[in-house]
Each structure stands twice: as structure tokens, then as C-alpha cells.
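Here's the structure we're looking at; comments come further down.
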Amino acid sequence: MARPVTLFTGQWADLDTPTMCEKARSFGYDGLELACWGDHFEVPKADDAYCAARRALLEEHDLQLYSISAHLVGQAVCDNIDGRHQAILPEYVWGDGAPEGVRQRAAAELVATAQAAARLGVEVVNGFTGSSIWHLLYSFPPTSDEMIDAGFADFADRFRPILDEFQKAGVKFALEVHPTEIAFDIASAERAVDALDGHPAFGFNYDPSHLGYQGVDYVEFIHRFADRIFHVHMKDVGWSAIPTEAGVFGGHTSFGDRRRYWDFRSLGRGNIDFEEIIRALNRIRYDGPLSVEWEDGGMDREHGAAEACAFVKEVDFEPSEAAFDAAFSE
């Protein structure tokens with residue numbers, strides 16, 4: 001059977017969960033990927049009764065649930081904390097804003113999220129890690145190897161205990177490889193895995209949109225990390241074939257600005273080759289959900305979410321179980 005198509009609720013946090021369920025079902029989705037912000041999945045409330053009620057609500061709308069997502073709190077675990085984080089974190093994680101306290105509380109919240117996921121009956125938590133060395137991306141003034149080594153060591157020191165708790169809970173952490181994270185392309189993703197000595201609870205929420213505009217081979221990523229693709233985001237991005245005013249780094253422009261080199265697009269309207277992605281996912285035998293993370297600043301989101309669902313169901317197909325010329329063999 002075809003893979004289930006789910007909708008990530010992170011961009012819909014202004015809607016309550018019952019409304020989100022109604023809309024997702026009307027758009028044609030098979031399930032939801034619940035964000036741990038808004039009221040979609042509230043970790044501090046997630047006792048057995050709360051989790052059962054969330055499951056019942058989705059079942060009432062004939063929606064499945066395979067993962068939850070903790071991008072915002074995960075971002076604070078390794079980041080250099082500043083005022084931006086206050087806007088994305090719960091008050092009890094932000095506290096007094098002292099950076100190390102924020103990082104420690106974010107780590108504790110991520111552990112609590114894994115435990116809540118286990119009670120909810122899902123095996124994957126998607127999220128971010130943040131990075132203490134993202135600001136060193138462009139190596140001028142010159143950045144030493146020791147500085148980068150220290151950043152990956154800091155990531156490992158902070159995330160290894162978190163991942164140990166994930167493993168105890170029977171849950172995996174799927175990092176969405178993305179600018180501002182410890183891993184933002186293939187090379188840095190390999191280094192992140194190595195820094196953790198291949199921890200079995202650590203893998204990836206594959207999202208091609210964040211790789212494509214960087215010039216990263218987003219199909220090769222699937223093959224390179226075949227055993228660590230724990231979840232898949234279907235998200236499109238468009239980039240320009242000609243020079244623009246604001247290049248890959250964005251020129252401090254906002255999404256939707258026509259001067260930009262790249263911008264997110266509704267699925268099928270950008271540059272990502274989803275047919276090759278499906279073929280690669282088939283080769284590695286990924287049978288989990290295809291979760292639409294819908295973003296397109298130039299389109300009504302309800303129109304876009306519905307067309308994205310239809311697009312994913314059209315582009316997905318099952319792998320062959322036999323060689324194409326098997327019929328000719330004796």
C-alpha cells in the first residue's frame with residue numbers, strides 16, 4: 001500500500017487541535033504530525049489520560065499519528081542563547097533567560113518529550129539541535145579546526161544523555177538537517193553521527209527543501225543515511241536560475257521578497273525532484289509517512305495544503321518486488 005500522507009501542524013499552531021483535525025481530513029490527509037507548540041501536543045500535560053484523549057480525537061477524524069515534533073525546544077539545547085529564543089520557547093523553559101539554564105531546561109524538556117511520545121504510542125520525535133558554531137559558518141576571521149571540533153564535542157556532550165533517555169523510552173530523535181543546526185548538509189550530518197559514535201537513537205527527519213537551495217545532493221543524502229532516515233518531510237523550494245539581489249544567505253530579506261535567490265514553495269511548484277526522492281526512498285525501503293510541511297508565502301495555505309496532499313499521493317508509488325525482466329526468465 002502507498003505510504004500515509006500526513007500534515008505537519010507546526011505552521012498551523014494558531015488553530016486548535018479539533019479544528020486542525022477537521023481541516024486536515026477535509027484536505028485529504030491520512031494523519032497529522034503534531035507539533036509540540038500551540039495546543040497540538042502539550043508535553044507538560046501529556047499523562048496517560050491526555051495522550052489517550054489526543055489519540056481518540058485523531059481517531060474520531062480517521063487520522064493516523066506517527067510522530068510528534070519538538071523543533072523549538074530542541075533549538076535551544078546547543079544554541080548560543082539570546083532574545084530570539086524567548087519568542088519560541090515556553091516560559092518555563094526560558095525562565096530568567098540565563099543561557100546555560102535555558103539550555104539545561106530545554107534538554108530536560110526534550111527528554112520529557114521522548115517520554116510523552118512513548119505514552120502517546122509514537123516512536124519518532126522530530127526536531128532541531130541548535131548549534132554553538134553556526135556563527136562560524138563562514139571562516140573569516142579564520143576559524144580553527146579546534147573551534148569546530150569543540151562545537152561538535154559540545155553537541156555530543158549535550159545530546160548523548162538526551163539520546164540515552166530516548167533509547168530507554170523506545171523513541172528515536174530525528175534531526176531535521178537545516179541551516180542553524182549542528183548538521184546542515186551531508187558532510188556535517190556525517191560528522192554529527194560520528195560525534196555521537198553512531199548512537200542508535202539518533203537519525204534524521206529528511207527534508208529536501210533545506211538541502212536543495214544550498215546546492216547539496218538531496219537524493220544522495222537518502223542513500224548515505226539509509227539506516228537513519230526515521231521520518232520524511234515533503235517540502236518544496238524554488239531557487240533562481242539567474243543571479244539575484246539577495247543570494248543563498250538571503251540578504252536579510254524576508255521570505256516572499258522577490259529579490260531572494262530562493263524561497264519555499266507549495267509542493268510541485270519548486271525545483272525539488274520528488275520523483276527521484278520517491279525512487280530513493282523505495283530503494284532504502286522507507287515505509288513511514290510522507291509528512292507535508294507546507295510553506296509558501298505567496299499562496300493561501302488551505303489551497304496549498306490541499307493541493308500538496310494530492311501532489312504527494314500522485315507522486316508516491318510502491319517499489320517493484322521483482323526485476324523488470326523477471327518475466328523473461330525461465
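The values are calculated or read from the model by the stated rules, or taken from the named source; none is laboratory data. In this text the structure is predicted, and so the values were computed from the model without any measurement. Because the Cβ atoms are built from the backbone with ideal geometry, glycine has one as well, and the counts that use them run over all protein chains shown. Quick note on the areas: whole protein, heavy atoms, side chains included, nothing else; ligands and nucleic acids left out. Shrake-Rupley method; radii C 1.70, N 1.55, O 1.52, S 1.80 Å.
Quick check: residue separation of R301 and E42 times 0.36 nm, minus the Cα distance between them. What number comes out in nm? Walk me through the numbers on the way to the answer.
Values: separation 259, 0.36 × 259 = 93.24 nm, distance 2.39 nm.
Once the chain is fully extended between R301 and E42, it gains 90.8 nm.
Please list Y286, Y261 from largest to smallest accessible area, probe radius 1.4 Å, with all protein chains kept in place. Numbers along the way, then the final one.
Details: Y286 20, Y261 55 Å².
Greatest to least solvent exposure: Y261, Y286.
Among complete DSSP H helices in the chain, those whose alpha-carbon atoms stretch at least 24 Å along the helix's long axis and whose mean Kyte-Doolittle hydropathy reaches -0.5 are 99-120, 145-169.
Starting from the Cα of E91, move 7 Å in the Cα-to-Cβ direction to define the label point; list residues of segment 43-79 whose amide nitrogen is under 20 Å from there. Only 43-46, 72-73 pass the distance filter. To put it simply, the accessible area of segment 138-216 at a 1.4 Å probe is 54 percent carbon and sulfur. Here each label is just a point 7 Å from Cα along the line to Cβ, and for E318 and R285 those points are 1.6 nm apart. Per residue, the chain exposes an accessible area of 46 Å² to a 1.4 Å probe, with every protein chain left in place. May I ask you to list the residues of segment 193-211 whose amide nitrogen lies under 20 Å from a point 7 Å from Cα along the Cα→beta-carbon direction of D149? 193-198, by backbone N distance to the label point. Other residues lying with their Cβ under 10 Å from the Cβ of E245 contribute a combined charge of +2, Lys and Arg counting +1, Asp and Glu -1.
Each residue, Q167 and A98, gets one label point 7 Å from its Cα in the Cβ direction; the gap between the two is 3.2 nm. Our Cα-only numbers for segment 175-264 put the radius of gyration and Dmax at 14.3, 43 Å. With N as its number of residues, segment 212-330 has a Cα radius of gyration that, divided by 2.2 N^0.38 Å, comes to 1.27.
Per DSSP H run of at least 4 residues, take -39500 (n - 2.57); add these up for the chain, divide by its residues and hand me the 222 nm value, nearest 500 deg cm²/dmol. List each step's numbers first, then the result.
Details: 12 runs with 133 residues, N = 330.
One gets -12000 deg cm²/dmol as the mean residue ellipticity at 222 nm.
Distance between the pseudo-spin-label points of R119 and S240 (7 Å out from Cα toward the beta carbon): 5.0 nm.
Per q in 0.08, 0.13 Å⁻¹, report the Debye log10 I(q)/I(0) for the chain, using one uniform scatterer on each alpha carbon and no solvent. Scattering profile of the chain, log10 relative to I(0): -0.37, -1.02. Which pairs break 28 Å Cα to Cα here: K23/K313; K168/K235; K172/K313; K23/K45; K45/K172? Over 28 Å Cα-Cα: K168/K235.
A Stokes-Einstein calculation at 37 °C with viscosity 0.692 mPa s, built on the Kirkwood radius of segment 151-300 over Cα pairs, returns a diffusion coefficient of 200 µm²/s.
Electrostatic tally near K172: other residues with Cβ closer than 10 Å to its Cβ, Lys and Arg +1, Asp and Glu -1, net 0.
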